[in-house]
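Let me begin by presenting the structure, written as structure tokens, before commenting on it.
Rule-based calculations on the coordinates, nothing more; no lab input. Just so you know, these numbers come straight off a predicted model, no measurement behind them. Positions of Cβ are generated from backbone atoms using ideal geometry, with glycine treated the same way; all protein chains shown enter the neighbour counts.
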Amino acid sequence: MSSVASGLPLTTEQQATAIRIIWAARLVVLFPMISVGIWFVYIPWKVAVLNLTPLDFSKVLLCFAISSITATQLGGRRLIPRFGAGPLMIAAMCCFSPCLALAVLAPTYLLMLLAVIPCGFFFGLVAPSATAETFRMEKLTGRFLMPMHSAFFSIGSLVGSVVGGTLLQLEVPAHWVFPIMAGNGMFVSLLLWKICLQGERPARTQAPPLRWPDRRVLGFGILGALSLSTIGVVLDWSALWLTRDMLVPMAYGGAIIFAFSLGEIAARLRGESLIQRFGEMRIGSHAMILGGAVLLPAVLSQNPVLIVLVFLFFGFVSANFFPTVMRNAAEIDPENAGVNIADVNTLSMAGLLFGPPLVGYIAEHYSITHTMALLAVIWGCNGVGMYFLLRAKQQRTQHISIA
């Protein structure tokens with residue numbers, strides 16, 4: 001089991017500062033994810049309004065991914081070292097909210113493609129900067145903070161899917177919903193700056209030289225790419241899958257997102273104790289293999305109720321996979337943790353470059369069901385890959401201890 005280095009004894013003032021920063025990083029990802037969760041439920045509406053094919057929608061996701069990848073590398077290698085992760089995550093959250101509203105409310109397909117570029121850019125700055133700040137607090141406090149931090153991504157998408165489904169059922173137009181969410185996002189970002197970070201000295205570092213990712217990070221980056229692209233497919237396509245392939249009413253299109261996020265939240269809220277009790281090998285590897293094996297027959301059954309229940313289970317067993325990836329990549333070189341996190345985030349977002357076109361192609365020629373079945377197989381392979389990476393890490397640690 002991986003261990004986090006024990007933090008040095010902290011004064012009362014340092015503890016209070018650490019708590020403020022930890023919660024700022026969590027809330028910075030929570031509120032954008034609520035907006036994104038609402039958008040996931042409204043996707044079938046937007047597809048119908050603009051009369052988009054699955055391939056058209058894939059291009060929207062592709063633009064978002066390219067923009068996010070650019071932002072992730074720029075943030076990790078230039079902006080975070082220069083300005084600090086704290087100020088950057090607040091600024092990115094403030095800018096993301098109105099950009100999402102512009103993308104969702106774009107009246108034409110071309111304008112939507114253009115508007116999603118800044119939306120993806122600022123989203124690509126939110127996640128790595130908040131994650132870098134959380135890892136810094138892990139080292140300061142000596143606690144496993146990454147699972148709980150990741151839980152706020154899931155909580156956001158869960159709350160968003162519930163709110164979005166409710167608003168759709170009440171027939172609240174998107175032209176009201178997303179401008180209000182944009183205003184809330186900007187207000188909360190300014191409030192977080194005032195309460196949590198104002199007066200704090202940003203943790204700046206020297207900007208690292210441009211280079212290829214450390215080869216030791218590449219393995220975790222590949223797993224992150226497969227994980228993020230497959231989870232992105234679930235979040236982006238599950239509502240269309242239920243409503244188009246299985247004819248579920250549109251108001252219930254977010255049922256898979258709700259179940260998957262609920263399972264993730266339950267596991268991530270207990271992530272620290274689960275990892276300490278069972279170890280990273282069982283949580284990051286064995287659980288993923290089990291989840292993929294259970295999910296595959298459920299997807300092929302085409303039974304919406306069974307599928308939703310199994311996604312609840314799968315959300316639980318897979319929840320701490322990506323936090324395990326991020327923490328192990330950061331621990332490879334703690335002095336350059338921000339760069340390693342940015343590299344893994346970049347590779348993870350790169351997965352979205354291949355996910356959307358592939359899903360669009362399969363959905364256009366077969367069905368989204370075929371894609372979901374493929375995802376179950378990929379998730380099982382992810383668990384196998386994590387097994388070999390963690391085993392190699394354990395062997396390196398043993399050799400260092402012997403030396």
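If we count other beta carbons within 10 Å of each Cβ, what is the order of SER129, SER67, SER318, SER35, fewest first?
Working: SER129 34, SER67 20, SER318 28, SER35 23.
By the 10 Å Cβ count, ascending, the order reads SER67, SER35, SER318, SER129.
Treat the count of other C-beta atoms within 10 Å as a stand-in for reagent exposure and order SER261, SER285, SER150 from fewest to most. Walk me through the numbers before you get to the answer.
Values: SER261 30, SER285 23, SER150 26.
So the residues, fewest neighbours to most, are SER285, SER150, SER261.
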Under the 0.36 nm per residue contour assumption, what length would be gained going from the current alpha-carbon distance of LEU50 and GLN14 to full extension? 7.8 nm
Defining a contact as two alpha carbons under 8 Å apart and six or more residues distant in sequence, what relative contact order in percent does the chain show? 26
Under 10 Å, Cα contacts only: if you run a Gaussian network model on the chain, which one of ALA392, ALA174, ALA329 comes out with the highest mean-square fluctuation? ALA392
The cysteines in the chain that find no other cysteine Cβ closer than 4.7 Å to their own Cβ are CYS63, CYS94, CYS95, CYS196, CYS381
Report relative contact order for segment 79-191 in percent, whole number only (criteria: Cα-Cα under 8 Å, sequence separation at least 6). 39
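First check a/c for the chain, with a ≥ b ≥ c the square roots of the eigenvalues of its C-alpha gyration tensor; if it is under 1.5, answer rounded, and if not, answer prolate when a/b is larger than b/c or oblate otherwise.
oblate
Over all directions, how big on average is the projection of the convex hull of the alpha-carbon atoms in segment 62-173, in square nanometres?
On the way: hull surface 32.6 nm².
Hull-based average projected area comes out at 8.1 nm².
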Residue-wise, which Karplus ³J(HN,Hα) couplings in Hz belong to segment 133-144, taking 6.51 cos²θ - 1.76 cosθ + 1.60, θ = phi - 60°, and x for glycine or proline? 5, 5, 5, 4, 6, 4, 5, 6, 9, x, 10, 7
What is the order of THR70, THR53, THR11, fewest Cβ neighbours within 10 Å to most? THR11, THR53, THR70
Taking r as the C-beta separation of TYR366 and SER273 and R0 as 41 Å, the FRET efficiency to the nearest 0.05 is 0.45
Per-residue HN-Hα couplings for segment 164-177 [Karplus 6.51, -1.76, 1.60; θ = phi - 60°; Hz; x = Gly/Pro]: x, x, 5, 5, 5, 5, 7, 6, 7, x, 4, 5, 9, 5
Loop only per DSSP, at most 16 neighbouring Cβ atoms within 10 Å: give me the trypsin sites (Lys or Arg not before Pro) in segment 102-198, ordered by residue number. ARG143
